[in-house]
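**Q** Encoded as structure tokens, here's the structure I'll be asking about.
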Amino acid sequence: LCTCVTFSLQYWRGKLSEYSNLAFSYARTAASYIDGDRVLYYVDTEIQDEYYEQVMHFLNSTQMESSLKYYYVFVPYEDDLVYVWDADNIEGACPLGYHEDYMEGGKEAVEKVFRTDPAEEISITRDEVYGYIASAYSPIFNSAGEPIAVVGVDLSMPGIEQELIRFIATIVLSLAVVILLSVAVFYRFVRKKIVSPINQLNQATQEMVENLEREDTFHINIHTGDEIEALADAAEVVG
């Protein structure tokens with residue numbers, strides 16, 4: 001049980017690290033690609049110029065060529081967030097200027113990254129449709145070094161539960177084989193070193209008791225090299 005729990009935790013941490021590195025690599029790439037001085041202009045005017053389309057093309061092409069579920073940029077406010085870009089390769093992509101309420105825990109996650117020196121901390125949520133979703137956020141800075149917007153990356157972790165179950169099943173099966181082999185070896189050892197010698201000693205003792213009047217020498221052929229052999233030697237009687 002301890003082995004299964006330990007290996008399962010290691011497997012989960014490894015998968016989490018894998019998805020975290022992938023998600024943050026895309027988030028950082030977009031954050032460094034986008035000109036932070038232009039972001040608030042698009043939010044205020046909702047005008048889509050050539051540069052805006054250039055960024056949208058970058059997000060769309062990256063999403064299509066990768067395993068990203070969602071790739072988007074938004075400006076966080078106190079009560080909600082406003083979309084600037086949202087890769088439109090999927091149905092329901094949010095247009096420029098679209099306001100959306102924070103999801104549960106979303107505001108806290110954004111507050112952690114909307115700063116000059118944010119820590120990279122992956123967020124895992126479970127969706128009824130897509131299963132486990134790994135989300136990463138990276139801030140976009142203006143020329144003054146101030147955080148202006150946030151790049152969001154959502155990765156689907158398909159079949160993570162099934163993979164974990166298969167992993168645990170493999171570990172359990174391997175352990176079961178090892179345990180069965182160990183039990184078989186131990187049983188053979190106990191039978192050879194303890195059970196069989198004791199049975200021989202018991203049988204020889206019965207024979208001696210039944211033939212006390214006979215002048216026979218009883219030899220008990222036990223060579224275990226331990227206390228049982230010593231007991232057998234002491235039990236040898238010359239009638």
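Since every read-out is calculated from the coordinates, none of them should be taken as a lab result. Bear in mind that the values here come from a model prediction, so they are computed numbers and not experimental data. In this analysis, Cβ positions are derived from the backbone assuming ideal geometry, glycine residues included, and neighbour counts consider all displayed protein chains.
**Q** Which ³J(HN,Hα) values in Hz, rounded to whole numbers, follow from the phi angles of region 54-64 under the Karplus curve 6.51 cos²θ - 1.76 cosθ + 1.60, where θ = phi - 60° and Gly and Pro get x?
**A** 5, 5, 4, 4, 4, 5, 5, 5, 5, 5, 5
**Q** Tell me the net charge near VAL113. Cut-off is 12 Å between Cβ atoms, VAL113 excluded, with +1 for each Lys or Arg and -1 for each Asp or Glu.
**A** Net of charged neighbours comes to -1.
**Q** With r defined as the distance between the Cβ atoms of ILE165 and GLU53 and R0 fixed at 35 Å, what FRET efficiency is calculated, to the nearest 0.05?
**A** Once rounded, the FRET efficiency stands at 0.20.
**Q** Do the sum for the chain: with -39,500 (n - 2.57) for every DSSP H run of n ≥ 4, divided by all residues, what is the mean residue ellipticity at 222 nm, to the nearest 500 deg cm²/dmol?
**A** Helix-only estimate at 222 nm: -17000 deg cm²/dmol.
**Q** In addition: For region 66-188, state the semi-axes of the equivalent ellipsoid (square roots of 5 times the eigenvalues of the alpha-carbon gyration tensor), sorted largest first and rounded to whole angstrom. Could you put the intermediate results ahead of the total?
**A** On the way: eigenvalues 397, 58, 26 Å².
So the equivalent ellipsoid measures 45, 17, 11 Å along its semi-axes.
**Q** Just to confirm a number: summing +1 for Lys and Arg and -1 for Asp and Glu over residues other than ASN60 whose beta-carbon lies under 13 angstrom from that of ASN60, what do you get?
**A** -4
**Q** What distance in nm separates the two pseudo spin-label positions at LYS112 and THR29, each 7 Å out from Cα along the beta-carbon direction?
**A** 2.4 nm
**Q** From the alpha carbon gyration tensor of region 31-88, can you work out the equivalent ellipsoid semi-axes (sqrt of 5 times each eigenvalue) and give them in Å, largest to smallest?
**A** 20, 15, 9
**Q** Another question about this same structure. When the gyration tensor of region 1-137 is built from Cα positions, what are the square roots of 5 times its three eigenvalues, in whole Å, from largest to smallest?
**A** The three semi-axes for region 1-137 are 30, 16, 15 Å.
**Q** Restricting to DSSP loop positions (anything but H, G, I, E, B) with no more than 16 other Cβ atoms inside 10 Å of their own Cβ, which GluC sites (Glu not before Pro) remain in region 111-153?
**A** Sparse-neighbourhood loop GluC sites (Glu not before Pro): GLU120, GLU121, GLU128.
**Q** Another question about this same structure. Does a label point 7 Å from the Cα of ALA144, set along Cα-to-beta-carbon, have any residues of region 20-60 with amide nitrogen under 19 Å, and which are they?
**A** Zone members listed by number: 35-45.
**Q** Let me ask you something else. Compute the signed sum of charges (Lys and Arg +1, Asp and Glu -1) over the other residues within less than 13 Å, Cβ to Cβ, of ALA23.
**A** Numbers: positive: LYS15, ARG28, LYS69; negative: GLU18, GLU120, GLU121, ASP154.
Local net charge: -1.
**Q** Right, another one. Taking the Cα-to-Cβ direction at GLN203 and at GLU120 and moving 7 Å from each Cα, how far apart do the two end points lie in nm?
**A** 7.2 nm
**Q** Can you pull out the trypsin sites (Lys or Arg not before Pro) in region 10-59 whose DSSP state is coil and whose Cβ has at most 10 other Cβ atoms within 10 Å?
**A** Answer by residue number: there is no such site.
**Q** Let me ask something additional. If you bin every alpha carbon distance in the chain into 5 Å steps from zero, what whole percent lands in each bin?
**A** Values per bin, smallest distances first: 1, 6, 10, 12, 11, 8, 5, 4, 4, 4, 3, 3, 3, 3, 3, 4, 4, 3, 3, 2, 2, 1, 0, 0.
**Q** Report the label-to-label distance for ASP37 and VAL190 in nanometres (one decimal), using points 7 Å from each Cα along the Cα→Cβ vector.
**A** 8.1 nm
**Q** Further question: Extension gain TRP12-VAL177, at 0.36 nm per residue separation less the Cα-Cα distance, in nm?
**A** 57.0 nm
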